[in-house]
Amino acid sequence: GDILDDYSRTDGVWILTRNKQFYETNNEKECADKCEAERNFTCRAFLFTRKKLQCLTLAENAKMTVTFASTDTVLYEKIIYLMQCKRGIGTDYRGTEAKTQRGIPCQKWAEKIPHKPNYTPEKHPNAGLEENYCRNPDADENGPWCYTTDPAMRFDYCAIPECEDQCMQCNGEDYRGEVSRTESGLECQHWDVQEPHMHGFILKHYPEKDLKMNYCRNPDGELRPWCFTTNPNKRWEYCNIPRCTTPPPVSGLDSQCLSGRGEDYRGRIAITESGNACQHWNTQFPHKHGWVPDRYPCKGLEENYCRNPDGEKKPWCYTTNSNIRWEYCTIPPCDRTEQGMAGMNNVPVQAPVTEECYQGKGQSYRGTTSVTVSGRKCQAWSSMFPHRHIKTPERFPDADLRENYCRNPDGDSSPWCFTTDPNTIWEYCNLKRCDDHAQE
């Protein structure tokens, strides 16, 4: 790859630093070569001025000193020295953590008190043994460590978090790493091509899912990141992304009331809107299902509490009634006034409830029928449960894919929907074509 890929670039910035070397180079890449070859100090960054073609290699970066504006100057900082997290066992960790997991300050690597070190900057010049920063010069499986300033404890490990782009939290929905092979070793197909497999996961339709290159991603709420493969006989496969050892970042207080679709609801209501008790998520009786707590660690699937793990219109649960597989729950709204106003605002939108027929192929149908010809209930368009699909409101913004109403986003012969029956992917809806004369 390009040597500059290892650097973070900032235009129009100069930094004050004592240790620096001046060179004359023709471009930024030549300056980067000087930084890599620097022997007077550890080069963490370099400055390049376009007009003078001047190159300054620097011992410090913007995290370590002051910066100020300077036109015509570009600052390149080595990414490895900006990272405060570790990849794998952290042999390349070059962050500035300088205390142990117990909070004891680290001893400087070049000092001999209170402990005489086996690992010194002289013996291991490429291990980054600077100051008293946590490092892993011996490739210890437990990660970065340091000698401590406590005479009674020779060394201890440091609490360095995992870099989230190298491991996955939860089910990897936020994974942004660069693994591009599946767990069986197949190369991933680029997201922006349609060969050998045609698909609808295109960056412009899923701008927030980071569908770059052919990197493994989880844009649709699967168990873990995956990709389409370059093998014509294997459409897609999971990727082998390690799970982060640190807990996922807290995204805010868990909600005890209904906000939006209730995906962050973590209250203890465990009864459906019709009064059925909820089935425990970790049991398979009376209903077998795939929402197992161990497989979806960040969905809050505790006990038998109502939850919304799949983007349904509100929290739900499987019921203990063997005749009713699942139902929605009644969760009190967080802002009753706001909810009440929203309800009033929805009245005009819901006006075409009486629209029981469609014109032409039904692409303009905007009624609220949500039952198929066989009587099956429609799956919500924004949901991936029980059927994974690409007919989403984001991808078809003009098709009015609201709730689970029958629609015709793809020019089929009449309105249809995905069904809530796991064994029936989709069906046409229980609608008739409007009489042409009556329509006029």
Checked against the positive end of the charge dipole of the chain (+1 on Cβ of Lys and Arg, -1 on Cβ of Asp and Glu, about the Cα centre), the farthest of Y305, G103, Y238 is G103
Per its Cα gyration tensor (rounded if a/c is under 1.5, else prolate when a/b beats b/c, else oblate), the stretch 379-427 is best filed as oblate
To the nearest 20 debye, the stretch 262-312 has a Cα-centred charge dipole, built from +1 on Lys and Arg Cβ and -1 on Asp and Glu Cβ, of 140 debye
Across G367, G12, G311, the residue with the highest GNM fluctuation in the chain (Cα network, 10 Å cutoff) is G12
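Taking the convex hull of the Cα atoms, report for the stretch 41-154 its projected area averaged over all directions, in nm².
8.4 nm²
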Among the Cα-Cα pairs of the stretch 145-287, the proportion with separation greater than 25 Å, in percent, is 51 percent
Comparing N323, N276, N304 in a Gaussian network model of the chain (Cα, 10 Å), the one with the largest mean-square fluctuation is N323
Checking A62, A98, A127 against a Gaussian network model of the chain (alpha-carbon springs below 10 Å), the top fluctuating residue turns out to be A62
Computed over the chain, the relative contact order (Cα-Cα under 8 Å, seq sep at least six) in percent reads 8 percent
Expressed in angstrom, Rg and Dmax over the Cα atoms of the stretch 357-439 are 12.2, 40
Here the stretch 166-249 gives, from Cα atoms, an Rg and Dmax in Å of 12.2, 39
If the label point sits 7 Å along Cα→Cβ of E131, residues of the stretch 71-86 with amide N under 13 Å come out as 81-84
The long-range amide H neighbours of W326, using H built 1.01 Å from N in the peptide plane and a cut-off of under 5 Å, are T319
The alpha-carbon center of the stretch 133-198 and that of the stretch 383-440 are separated, in whole Å, by 42 Å
Magnitude of the Cβ-charge dipole (Lys and Arg +1, Asp and Glu -1) of the stretch 97-163 about the Cα centre, nearest 20 debye, reported as 280 debye
Of all C-alpha pairs within the stretch 7-81, those more than 20 angstrom apart amount in percent to 16 percent
Checked against the positive end of the charge dipole of the chain (+1 on Cβ of Lys and Arg, -1 on Cβ of Asp and Glu, about the Cα centre), the farthest of N118, Q284, N26 is N118
Rh (Kirkwood, all Cα-Cα pairs) for the chain, Å, reads 26.7 Å
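Relative to the Cα centre, what is the charge dipole magnitude of the chain, using +1 at the beta carbon of each Lys and Arg, -1 at the beta carbon of each Asp and Glu, and rounding to the nearest 20 debye?
About 660 debye.
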If R0 = 51 Å, then I3 and H389, at their Cβ-Cβ distance, give a FRET efficiency to the nearest 0.05 of 0.75
Using the Kirkwood formula on alpha carbons, the hydrodynamic radius of the stretch 252-334 in angstrom works out to 12.5 Å
Cα gyration tensor of the stretch 97-163 diagonalised, 5x eigenvalues square-rooted, in angstrom largest first, produces semi-axes 16, 15, 9
Along the dipole axis of the chain (charges at Cβ: +1 for Lys and Arg, -1 for Asp and Glu; origin at the Cα centre), the most positive-end residue among S184, Y405, Q363 is S184
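Computed from the coordinates by the stated procedures, all read-outs in this text should not be read as laboratory data. Only a predicted model underlies this, so the values are computations on that prediction, with no experimental measurement involved. Ideal geometry is used to build each Cβ from the backbone, glycine not excepted, and the neighbour counts take in all protein chains shown.
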